[in-house]
Amino acid sequence: GTVATKDVGTGTGQIPDMSSFNTGNTSSFRLPTGHFVQFGTGQTVGGGFTQAYPTPFPNICQVLIGVVYSTLGVRAFIATNKSDRTAANMNVVDSNGNGINVTVGYIAIGR
């Protein structure tokens, strides 16, 4: 093949330098496409949850997926707001629309 003639780096046609995937935080990493993947957990208060991302997205949060834990037997609905580049924002309500206090997690992807 041609791998022996390729440069190491992050540009087109280069072999990725593995350190380029590191963001310096154990709760986030970078993909070869330049996207960041970030994740975290916490507690809602009155159904609301806001937590700063480990690494703020430079341009846009494209996807924010919320997960509700510890609700065995309780119907919980989660709404996420991906418009904030600096923090995960979610609301969790029960089947009556009341905010509930639960443990949540998230995964966010952006650039």
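The values are calculated or read from the model by the stated rules, or taken from the named source; none is laboratory data. For clarity, every value in this text was computed on a predicted model and none was experimentally measured. Neighbour counts run over all protein chains shown; Cβ positions are idealised from the backbone, glycine included. Areas reflect the complete protein model, heavy atoms only, side chains present, ligands, DNA and RNA absent. Shrake-Rupley method; radii C 1.70, N 1.55, O 1.52, S 1.80 Å.
Using C-alpha pairs under 8 Å with a sequence gap of at least 6, the mean separation divided by the residue count of region 1-62 gives a relative contact order of 19 percent. In the complete set of protein chains, residue-level accessible area for Val63 is approximately 60 Å², probe 1.4 angstrom.
Radius of gyration over Kirkwood radius for region 62-104, both on Cα atoms: the Rg/Rh ratio is 0.99. In nm, to one decimal, how far is the modelled label at Thr33 from the one at Ile65, with both set 7 Å along Cα→Cβ? Simple spin-label model gives 1.3 nm for this pair.
At q = 0.17, 0.22 Å⁻¹ the log10 of I(q)/I(0) for the chain amounts to -0.79, -1.09, computed by Debye summation with a single uniform scatterer per C-alpha, solvent ignored.
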